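S.K.: Got a structure for you, written out below as structure tokens; questions coming shortly.
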Amino acid sequence: MVLGESGTGKELVASAIHNEGPRKDKQFVPVNCGALPDGLLESELFGHVKGAFTGAIRDKKGRFELADGGTIFLDEVGDLSPAMQVKLLRVLQTGCFERVGGEKTIKVDVRIISATNKSLEKEIAAGRFREDLYYRLCVVPINMPPLRERISDVPLLAEYFIEREAKRSGQEKISLSSEALAMLMDYNWPGNVRELQNVLQFALVKCHGQVIEPQHLPLTIQKADMTTLGRSQRKRKLTSKAVADALRQSKGNRLKAAKLLGVSRATLYRFLAEEKEFSGRVFRDKP
């Protein structure tokens, strides 16, 4: 079970698990459990036979059958109704089910990866989620931390999204200025990686040159940056000598240098950007 806030990349984790495992040559079948009402979700998961309900003009395989030998990904599993929880529990226990309206029992060999942005322990305590189903699903829990807790990932993620979107739109190679990067690293990212991707898509639309600057970022980022900048300036004033000494002691490791200085790495990036001393492979100073 992959646990984490919305936008942290839970489906990508599930896909990676499938692609790196012995079932990679079989199907990876995702299902959004929160997007369909019970009647449609049951048919989607288990299939149906012709005439089972109005509109069932032919037999249809469900996602469990399609995933036989492979992996089924149950996204937003915390949104399942009590009735669907019972039906899913039976499949987990026996590997068997019947299509909607059918009598033939079908057995499949499927690895199940589930995901939720809810606290299932709280859902169990509130009586909205079955405890026995939770223990069936959560054999190997994987916690996806929010982006604000792994802010050092922002430069690599930014590089990836910028290169991908530029390639898709046929744009030339575009970089991210050190000032813009510092703003991204100061932001709290309530929408996590998905929000970062959207912000960079916005910036690419606004940017008509080859360098994304702070003014190309959404106003939400710029306003948040002004608040953060005010706090950081009040908290501590860096000097060129102190920064140079810290970088020398840390042998150029900016994370260690920031710790030595008692500031965040984003604050150090901002200072270096203002001093025009910092450059990187995905961001560079103004020409």
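S.K.: Could you tell me which residue of segment 89-101 is farthest from Phe73 (Cα to Cα), considering only residues that are out of contact with any Leu (no Cβ under 9 Å at 6 or more places or on another chain) and outside any helix (DSSP H, G or I)?
M.R.: Looking at the filtered set, the residue picked out is Gly101.
S.K.: Of the residues Ser250, Ser279, which single one is out of contact with any His (no Cβ under 9 Å at 6 or more places or on another chain), polar (S, T, N, Q) and at pLDDT below 80? Step through it out loud before you land on a result.
M.R.: Working: Ser250 fails: at pLDDT below 80.
That would be Ser279, the only listed residue that is out of contact with any His (no Cβ under 9 Å at 6 or more places or on another chain), polar (S, T, N, Q) and at pLDDT below 80.
S.K.: Hey, among Asp68, Asp75, Asp79, which residue is more than 18 Å from Met1 (Cβ to Cβ) and either touching a Lys or Arg at 6+ places or on another chain (Cβ under 9 Å) or at pLDDT 95 or above (or both)? Talk me through it step by step, then tell me what you get.
M.R.: Numbers: Asp75 fails: more than 18 Å from Met1 (Cβ to Cβ); Asp79 fails: more than 18 Å from Met1 (Cβ to Cβ).
Just a single option satisfies the conditions, and that option is Asp68.
S.K.: Which of the residues that make up segment 212-226 are over 18 Å from Gly170 (Cβ atoms) and among the aliphatic types (A, V, I, L, M)? First the steps, then the outcome.
M.R.: Quick first cut of segment 212-226, residues over 18 Å from Gly170 (Cβ atoms) only: 213-226.
Once the filter is applied, which keeps residues that are over 18 Å from Gly170 (Cβ atoms) and among the aliphatic types (A, V, I, L, M), segment 212-226 yields Leu217, Leu219, Ile221, Ala224, Met226.
The values are calculated or read from the model by the stated rules, or taken from the named source; none is laboratory data. These numbers were taken from a predicted model, which means no experiment stands behind them. Cβ sites come from the backbone with ideal geometry, for glycine too, and all protein chains shown count toward neighbours.
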